[in-house]
Structure formats: C-alpha cells, structure tokens
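Everything below concerns the one structure shown next.
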Amino acid sequence: MRDRTPCHAKRGGQARRVGARPTIPGKFAARERALARRDRRCPPGGFCQGRAGRGEVTPAVSMFYRPGPWYRKQGTEDDTPWRNLEGSLRHLETSLLDLRSTLDRTLLLDRRNLSGRLQEDIQLFQHALERVDDFVVRRLFLRNGTGVALMFIEGLVDTRAVQEFIVAPLLRVRAARLPRGRRLQRVLAQRILPTTGNVATRSIDGLLKGLLSGSVVVLIDGCTEALHIDVRKLPERSVEEPTVEAVIRGPRDGFTEDLRTNISLIRRRLADIRFKVEELRVGRVTHTLVAVCYLQGIVNPHLVTEVKSRINRITADAILESGYIEEWIEDCPSSLFPQILHTERPDVVAGALLEGRVAVITDGTPFALVVPVSLWTLLQTPEDYNERFIATTALRWLRYLFALVALLLPSLYVAITTYHPEMLPTPLLMTVAASREGIPFPAMVEALLVEIIFEALREAGVRLPRTIGQAVSIVGAIVIGEAAVMAGIISAPMVIIVATTGIANFTVARFNLAFTIRLLRFPLRVLAGMFGLYGIILGLLAILIHLAGLRSFGYPYLSPVAPLNAPDLRDVVIRAPRWALTRRPTQLPRRNWRRARPGLQPHAGRWPGLGGAR
C-alpha cells in the first residue's frame, strides 16, 4: 500500500524531500504553494536552485519579501545573507536620495530668481536646505496682512541683533495702509530696516550663499526681490602679536582668521583712495572669500590681472587655507624654493604694497600671500626697516653668512675630513683625527645619522605642547649627543658641526626658506661624501642654475643681482638709509617709481636755530 503520509510529517516532523517547505496553515499557504511550484520549474543547477537539503534561501526569492524562520539553516539562527541584502538596499536608498537632492538643487539653481509667492519660495529654500537642522524659518504678518518670512542659519547670525533690529521693527509697524509688492520692499529697506549690509537680491544662488555666510534673508509676499541683511556673528580671535614673526621694534598686531579684520588692519596703514580690494569666491563647496589687494597707480596692472587670472582658474572643492592657493598659483610647483611670501604681519603687507606688489588675503587664515618676491626678500626681516641702517646692514650680512653656513658647513666638514685633510692646520687635523679614532662609521654616514636625529628632535619639539616642547628638544639633544659621544658612536666635532648648522638655520627669517636649506643639505652632503669639494661645487652650480631660471609671477628670482640692477642693490647688499631709498624696485611698478623726494639727507647746517650754523 502506498504511503500517503505527508513528507514533512515523517522523521519526527522533519521535511525529508529535498528543497521541500513545511506546510504553513493560514493566510500564507497560497503564497507558499506558489513558491513551491516556482521552485519546481527552476532547472537543476540553475540560478534559483538552492543547496540540496539545507533549506537555504535562493536568489530567486523576491527581493522585497523576507520569508519566515523556516528559510534559515536548520539548527541555526544565521540571517547574514538577509542582513547584507538589507544593507545594500539601504545604501541604494541613500544614493537615490542624494541623487534626487542633487537634481533638485540643480533645477533650483537653474530657476535663478524668486517667484514672488511666499509659500512657494519658502518651500524652495526648505527643499534646497533639506536635512539642515539649524536652518530657521520665521514667519510674520504685517498690519496690512502681507506675509514676511525671515530665514537664517542658527549659530551663524547674532540672534540678539535679529530680534532687536529686524523682528522688533517689523512688529512695531502700525500703519495699516502699507504698500504691497516691490514698493513694500523699498519701504522696509529704507525706513523700517535701515541696517548696514541691507541689499535687495533676487538671485536664488546669491541668497543661498548669503544664508550660508551668516546673513538673514527677508522674503516678502508678492515681491520678487528679497532683502539680504548681514548680521553674522562668527567666533573670531582677537588681534594678537604674531608668534612666528616676532620683532624687537615694530608693531605688535597680527592678522586673524577674519578677512574684514585683516583688511582693516592694512587700511589703517594705507589710508588712501588708491588702496584697492577686489574680492573673489574660490571653491565649489567652501566658496572661500579671497581678497586681492594692491595700490592703484603704483602696481603694474598686468600683474594684478595675472594674479586674478590664476586665482579664477582654480577649480577645486575646497580652499581652507592660503597654502592651497599658493600651490595653485606659483610658477614652478616642483621647485624647493618658495616663490610666494606668506606673512601674518600687516606692516609687511603694507610695505610690500608700497613697493608695487600684490597681496592675496584668504578668509579663515591669518597668513597673507605677497607676490612677486625674490630670494633676497625672503632673507629680510620686518625689523630691517625699523632700526637704523648701519645696524640693519650688519645684521643683514650676518644672516647672509649664516645662511651659507647652514647650507654648506656639514658638507665641507665631510669633504675635508674625507678627501682633503691637508687643508686643515696640523694641530686641528690631529684633534679631529684623535676624536674620530674608534668611530665605526665614515664621515658621511655619521653626518647623516646625526642630522636625522637632530631633525627628529626639532620636529618633536614643534609637535609637543609649547610649554614642554622647547625643553624636550634641548634636553634630548644634550643627553643623546653626550651619550653617543661617550659610547663612541659619533665624534665630538660632528656634534659641534650639526649644532652650529642648526643655530645658523634659525637665523633665516622665513620658515619656508629655512626648510628648503635643511632639505638641500642632504644631497650636498652625499655629493661631498662621494666627490669631495668637487661634488659641493657641482651641487652649488646646479642650485644656481635653477635659481637663475626661476620666476615669481614672471619676475626673476635673483633680481636685482641677476639680472644686475645696480640702483636696487642699495636694498639688497646693504640697507641704505631712508633718505637714500627714493625709488621703488624698478622691475615692479609700471609707473610712479619715486617714493620720496631726493635731497632730504639730514645735515646739521640746515638747523641754524639749534646751533648748526657757523
């Protein structure tokens, strides 16, 4: 007799047939029978074929239907495949929502102007700024029934100023016969809300940028223009003394992260109508405000055009610091030498503008860029023009000398001790030879080892907190140097050479130029270890050839030395007195070269009332 017992009732209720499902009573029975028929139609080994006897879910199951626990493995609760599927669907949903938001914003910006219907315009901005939880919309109604909407980003605006200078004046309006439409917008702008920065705008793109920059947008029902009121209150740092460019005699104020404050610091020194500021927006996401500053009538107009052209050519998502712009606009990005001066001192920028240069100030950073520059400009300090010319000339020569020492001293020591010991006096040669006795490394490897340790200590001192960083650098250098000498790993003269080189490197005024010198020491040291003094000469020739061909916005990097311009050497080789510096650098300005009237040299005979006449 044929056994008609259901297969799922045999073996203690376990399903025995391959791929069979248990019978599910109730409303899911029809669905289960349909799934069973579909499984039977699938060819063996096809895409919808599951693993035999394991009851696992096959890819043929509908993507939007999650079966019950009978589809899991027997004896386990593993639903990892379904979790992976759900995660994929969530990512797909997020991507589709982002795509929809992008398309909506694109269509929104294509619309360009407001419609004049208040509710529609509010929904338009809410749609553009969806998922921006700090976006605030406040609706008001005037006495004549006209609807007004205030929109701003909470945290970017001064809420007290919004309440006191915008909301309160609107609520105090008592005239019931107020005009409507564009006439109402003029009345509000000229009589009721006469605040600074009150601008009428109809561009949606401009209003969105204003909202994200800390402004309040006032929409008026029936008007296609909105009021754009600047009441931003951003956290900012007070004006402090620059820590990198400290001086003994000179101004103590420095740039901050606020663009308006920085421009006001320059304008305080250049109170002239020829001081021009042109603002640009850079960055597709950050929309960073960049100001190009120059003195009209002194600067070469072609230089201003070139600076703005290079900045406008930048197509990037973000400009977060002036260093981003520096890499985009410099002439030779592969050069180790800096071609743009960056400073946080307003007096340095003002002096550069008076010479016919251009300054680029970026919002959000205290460092301004000055172009063009030369190698000699980077070797000068702000204090050179505040002290008397004799002392400044002596200090300038000292800096030139120690810049060469920082570049060449380790290489000369390696070359002389390795290939040319006869150049040393006999007592000094005997002292160096005795100190190097027992050292396991050649002079070149020893110099590289000590230099790397010194650079690591210097970097550690910079990264550590300021209160302990300097102490760690000094103590670490002393302890490690003494221990290495006592252990016979390095010689005492090498420690002296590296320490002297480090001190000489600190005399270079600009950090980026000092860093370039630090990097160039390594290839020169290798050349000295391989070829002696001939290798140093080859390295110096390569550096000079590179500097001779380098340009900063088209101006020679070694000017006025190469090409030679004798009148300008009065501010390079020496620092001539003020009454002798009557002309600006001749290669910079297009016209107006004279900055002081000649013949103003002070003389005792000119002051007869003070006993000078004889």
When you go through ARG345, ARG357, ARG396 one by one, which is the residue that is assigned by the TED database to the domain that holds ILE545, crowded, with 18+ Cβ neighbours inside 10 Å and either in contact with a strand residue (DSSP E or B) (Cβ under 6 Å, 6 or more places away or on another chain) or farther than 14 Å from ASN512 by Cα (or both)? ARG396
I need the full set of residues from the stretch 520-575 which are open to solvent by 60 Å² or more (accessible area, probe 1.4 Å), touching a Pro at 6+ places or on another chain (Cβ under 9 Å) and among the hydroxyl-bearing types (Ser, Thr, Tyr), in order please. none
Would you please name the residue that is farthest from the chain's Cα centre (by Cα), looking only at residues in the stretch 296-320 that are part of a loop (DSSP other than H, G, I, E, B) and surrounded by fewer than 16 Cβ atoms within 10 Å (Cβ to Cβ)? GLY297
For residues that are assigned to a strand (DSSP E or B) and not hydrophobic (A, V, I, L, M, F, W, C), tally how many sit in the stretch 346-383. 1
Among the residues of the stretch 239-268 satisfying the criterion of being out of contact with any strand residue (DSSP E or B) (no Cβ under 9 Å at 6 or more places or on another chain) and part of a helix (DSSP H, G or I), which is surrounded by the most Cβ atoms within 10 Å (Cβ to Cβ)? LEU265
Residue that is modelled with pLDDT of 90 or more and either assigned to a helix (DSSP H, G or I) or under 36 Å from the mean Cα position of the chain (by Cα) (or both), where the choices are PRO567, PRO560: PRO560
Output for the stretch 401-439, where each listed residue is crowded, with 16+ Cβ neighbours inside 10 Å and within 37 Å of the chain's Cα centre (by Cα): PHE402, ALA403, VAL405, ALA406, LEU407, LEU408, LEU409, PRO410, SER411
Just one listed residue, out of GLU459, GLU451, GLU455, is without any contact (Cβ under 8 Å) to a residue 60 or more places away in the chain and either acidic (Asp, Glu) or crowded, with 19+ Cβ neighbours inside 10 Å (or both), and it is GLU459
Identify, from the list ALA509, ALA514, ALA504, the residue that is assigned by the TED database to the domain that holds ILE543, out of contact with any strand residue (DSSP E or B) (no Cβ under 7 Å at 6 or more places or on another chain), in contact (Cβ under 8 Å) with a residue 60 or more places away in the chain and not in a helix (DSSP H, G or I). ALA509
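The values are calculated or read from the model by the stated rules, or taken from the named source; none is laboratory data. Please read these numbers as outputs of a predicted model, since none were measured by experiment. Every residue, glycine as well, gets a Cβ built from its backbone with ideal geometry; the counts of neighbours run over all protein chains shown. These area figures cover heavy atoms from the full protein model, side chains too; ligands, DNA and RNA do not enter into them. Shrake-Rupley method; radii C 1.70, N 1.55, O 1.52, S 1.80 Å.
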